[in-house]
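**Q** The structure's right below; bear with me while I get my questions together.
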Amino acid sequence: LALFLAAAACGCGPSPDAPLPPESDLYAYSLAVAEKARLKVGAGSARALFAVGRVHERFGLEDNALELYRRVVEMDANFGEVYRRIGFILSQRKDKMGQAIEAYQQSLRCEPGAGGASTRIGLVLTHQGRLDEALQALADEVRAGTADGDTYYNLGQAYSLQGKHPDAVDSYKEAIRRMPESRSAHYSLVQSYRSLGKTAEAEEAQRRFLEIKAKEDEETTRAAETRDNRHQQVRFAAEAWMDAAALFVAEVNGSKDPAHRGRFTQE
């Protein structure tokens, strides 16, 4: 196993026809799936190396993933999705938020129609207290027709921080319409209703929030009691296979269309 992981880290790997390692270690297993797929399509494939990086990222080895993602950029500077993954990882690090925004912006230059990047930019800008810029980025997502529940939740957050609670309420309600079980959106709606003095509406929103919270707390307790994250690792392994399948389809089609370049499984 140690030799396999060392080979994978340096971009080498086992024979594409070698047997997979046992499923008792789903990280090594998933990595082997991605490496075998990469070797079958050719070690020079940026898409294939990206898939290897996704395995590292899913299993929490973000620095390993970043190293591979940066190599992917060197191989294909127009690969929009790799910039989004770089942006996502860096956005979790307080001292790297500026770099995260740059990565997301680069992803939009590569794939202007791809959704989600402007929402993530808006989120990072909100964390930085740059609320007007955050609202602009989120509005860009809405205008592009790619907004989702997270877009509207983050709009609500930015409006709330500016004290614009009527706008925040509208945004949270739209977020809830798209994500009915969003605990955060229901909680934030309660706070904005209270800020507006709408007691009855706040109480109804609070009731729904508590229902969702109780359900999530029960699931969290159950997971802690079992102390078993294997079900999540099984999902990660399945996603490695899905990425391999997407890679083979793209390679067989010989597609040069960026729309087919990085349609790997998302979180």
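The values are calculated or read from the model by the stated rules, or taken from the named source; none is laboratory data. Fair warning: this is a prediction, and the values are worked out from it, not measured in the lab. Heads up, the Cβs are rebuilt from the backbone with ideal geometry, glycines too, and the neighbour counts pull from every protein chain shown. What goes into the accessible areas is simple: the full protein's heavy atoms, side chains included, and nothing from ligands, DNA or RNA. Shrake-Rupley method; radii C 1.70, N 1.55, O 1.52, S 1.80 Å.
**Q** Within the range 180-205, which residues are open to solvent by 50 Å² or more (accessible area, probe 1.4 Å) and not hydroxyl-bearing (S, T, Y)?
**A** P180, E181, R183, Q191, R194, L196, G197, K198, A200, E201, E203, E204 - these are the residues of the range 180-205 that are open to solvent by 50 Å² or more (accessible area, probe 1.4 Å) and not hydroxyl-bearing (S, T, Y).
**Q** Now for a separate question. Looking at the range 153-166 only, could you name the residues that are buried (at least 17 other Cβ atoms within 10 Å of the Cβ), part of a helix (DSSP H, G or I) and over 17 Å from the mean Cα position of the chain (by Cα)?
**A** Scanning the range 153-166 gives L155, G156, Q157, A158, Y159, S160, H165.
**Q** Additional query: Restricting attention to the range 80-116, which residues are among the hydrophobic types (A, V, I, L, M, F, W, C) and over 16 Å from the mean Cα position of the chain (by Cα)?
**A** C110
**Q** Another one. Would you please name the residue that is farthest from the chain's Cα centre (by Cα), looking only at residues in the range 28-51 that are open to solvent by 30 Å² or more (accessible area, probe 1.4 Å) and of a type in the set (K, R)?
**A** K40
**Q** Applying the selection to the range 117-128, what residues are surrounded by 19 or more Cβ atoms within 10 Å (Cβ to Cβ) and either under 16 Å from the mean Cα position of the chain (by Cα) or not aliphatic (A, V, I, L, M) (or both)?
**A** If the condition is that a residue be surrounded by 19 or more Cβ atoms within 10 Å (Cβ to Cβ) and either under 16 Å from the mean Cα position of the chain (by Cα) or not aliphatic (A, V, I, L, M) (or both), then A117, S118, T119, R120, I121, G122, L123, V124, T126 are the ones that fit.
**Q** Need pairs with beta-carbon distance below 6 Å; first residue within 15 Å of L31 (Cα to Cα) and within the range 65-78, second outside any helix (DSSP H, G or I); sequence gap 6+ or separate chains.
**A** Pairs found: none.
**Q** Checking the condition farther than 26 Å from R120 by Cβ and within 27 Å of the chain's Cα centre (by Cα), which residue from A214, A200 passes?
**A** Of A214, A200, the one residue that is farther than 26 Å from R120 by Cβ and within 27 Å of the chain's Cα centre (by Cα) is A214.
**Q** Check the range 214-231 and report whether any residue there is touching an Asp or Glu at 6+ places or on another chain (Cβ under 9 Å), open to solvent by less than 50 Å² (accessible area, probe 1.4 Å) and touching a residue at least 24 places away in the same chain (Cβ under 8 Å).
**A** Scanning the range 214-231, I find no residue that is touching an Asp or Glu at 6+ places or on another chain (Cβ under 9 Å), open to solvent by less than 50 Å² (accessible area, probe 1.4 Å) and touching a residue at least 24 places away in the same chain (Cβ under 8 Å), so the answer is no.
**Q** Within the range 129-152, is there a residue that is hydroxyl-bearing (S, T, Y), in a helix (DSSP H, G or I) and surrounded by fewer than 23 Cβ atoms within 10 Å (Cβ to Cβ)?
**A** No, the range 129-152 has no match at all.
**Q** Identify, by number, the condition in (1) over 18 Å from G80 (Cα atoms); (2) out of contact with any Ser or Thr (no Cβ under 7 Å at 6 or more places or on another chain) that M97 doesn't meet.
**A** Of everything listed in (1) over 18 Å from G80 (Cα atoms); (2) out of contact with any Ser or Thr (no Cβ under 7 Å at 6 or more places or on another chain), M97 misses just condition (2).
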